[in-house]
1. Give the residue that is most open to solvent (accessible area, probe 1.4 Å), with candidates limited to residues of the stretch 109-121 that are aliphatic (A, V, I, L, M) and modelled with pLDDT of 85 or more.
2. Kindly provide the set of residues from the stretch 113-165 that are in a loop (DSSP other than H, G, I, E, B) and of a type in the set (A, V, I, L, M, F, W, C), ordered by number.
3. Could you tell me how many of the residues in the stretch 78-100 are open to solvent by 20 Å² or more (accessible area, probe 1.4 Å) and touching a helix residue (DSSP H, G or I) at 6+ places or on another chain (Cβ under 6 Å)?
4. Test of understanding: among VAL132, VAL142, which residue is open to solvent by 80 Å² or more (accessible area, probe 1.4 Å) and in contact with a strand residue (DSSP E or B) (Cβ under 7 Å, 6 or more places away or on another chain)?
5. Only one of ALA170, ALA187 is part of a loop (DSSP other than H, G, I, E, B) and among the small types (Gly, Ala, Ser); which?
6. If I ask for residues that are of a type in the set (Lys, Arg) and open to solvent by 60 Å² or more (accessible area, probe 1.4 Å), which ones from the stretch 155-176 would you list?
7. Which condition number does ILE106 fail, the rest of (1) open to solvent by 40 Å² or more (accessible area, probe 1.4 Å); (2) over 17 Å from the mean Cα position of the chain (by Cα); (3) more than 30 Å from ASP169 (Cα to Cα) being met?
8. What do you reckon, is LEU284 under 22 Å from the mean Cα position of the chain (by Cα), open to solvent by 10 Å² or more (accessible area, probe 1.4 Å), under 25 Å from ILE125 (Cβ atoms) and at pLDDT 95 or above?
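The values are calculated or read from the model by the stated rules, or taken from the named source; none is laboratory data. Predicted model only: the values in this text are computed from it and were never measured. Here the Cβ positions follow ideal geometry from the backbone for every residue, glycine too, while neighbour counts run over all protein chains shown. With ligands, DNA and RNA removed, areas are computed over all heavy atoms of the protein, side chains included. Shrake-Rupley method; radii C 1.70, N 1.55, O 1.52, S 1.80 Å.
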Amino acid sequence: MPNFVQLILDLFEPAPSQKKPIAPSAKASAEPAESLSSVLMPAQFTHPHANRSTRLDQAHVAYEFKRSRRRTIGMQVGLDGLEVSAPRWVPLAEVEAALQEKASWIVRKLYEMQERNRQLEARRIVWSDGVVLPYLGEALQVELDPTASNLGLVDSSGKRMLLVGLRKDAAPEQIRDRVQAWLMRQARIVFSERLHHYAPRLGVQWTRLSLSSAGTRWGSANANGAIRLNWRLIHLQLRVIDYVVAHELSHLRVMDHSPRFWNTVGSVVPDYSTLRKELNDEALPLWN
């Protein structure tokens with residue numbers, strides 16, 4: 001985040017002193033006050049593959065610049081920072097002018113991506129004894145216990161804990177793999193139960209369930225009855241999982257997203273629009 005200076009104005013100023021104010025010494029008056037520019041440092045945005053830099057709206061921006069066959073100057077702000085591409089015949093001065101013209105937009109997007117990066121890092125799982133992650137919408141604490149023969153849920157002092165049979169100093173990869181294997185087994189059990197629950201209500205029959213790790217898709221359905229669900233849905237509340245299950249099963253009746261399809265979903269999950277928004281807004285933990 002950019003450095004900042006906090007200026008405080010007291011709500012109640014202290015009562016004025018009755019003593020005669022002391023005049024500043026000549027030495028003190030001769031010393032210049034610290035300039036504001038030396039205190040307020042410009043924001044810094046640096047792309048990991050930066051090869052050029054510029055000053056945009058008081059921010060120092062180091063960006064990745066590429067020559068390409070495109071016909072116009074292109075700008076893109078992603079999680080890594082600013083990327084700029086331009087035709088080979090466009091002079092650098094013209095590229096710089098285009099950046100200055102879009103300076104406000106670029107800096108605003110850089111701040112947005114900086115905040116998104118911060119949020120992503122806050123969601124990153126640090127695999128160690130005591131790590132907490134969501135399971136069916138509730139906090140689940142991982143407890144390493146070398147005496148535990150099998151992974152299992154226990155409730156302790158109001159906390160839901162997952163005992164993992166590993167030493168306290170186990171490698172992060174070991175912890176991650178054990179926990180993921182358990183979560184995927186639970187996902188298959190929960191998803192199967194919800195499919196059995198909703199299929200008769202929708203008048204459809206599913207044939208096979210498979211788990212996916214897709215980064216952009218929660219589920220899919222095939223006309224032959226095969227259902228594919230993202231195992232990471234197990235992090236979410238059961239009612240959100242139910243929406244996804246009902247969504248995919250409804251595709252066995254209507255293989256599109258027409259009003260007829262949404263009416264089919266609504267016949268078993270009336271509040272599907274609310275649950276759909278919750279699903280889109282959900283911030284899942286970031287797995288390493």
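1. Taking the candidates together, the pick is MET113.
2. ILE125, VAL126, TRP127, VAL131, LEU136, ALA148, LEU151
3. Number of matching residues: 1.
4. After applying the criteria, what remains is VAL132.
5. Checking each option against the conditions leaves just ALA170.
6. Hits for the stretch 155-176 are LYS159, ARG160, ARG167, LYS168.
7. ILE106 satisfies all of (1) open to solvent by 40 Å² or more (accessible area, probe 1.4 Å); (2) over 17 Å from the mean Cα position of the chain (by Cα); (3) more than 30 Å from ASP169 (Cα to Cα) except (1).
8. no
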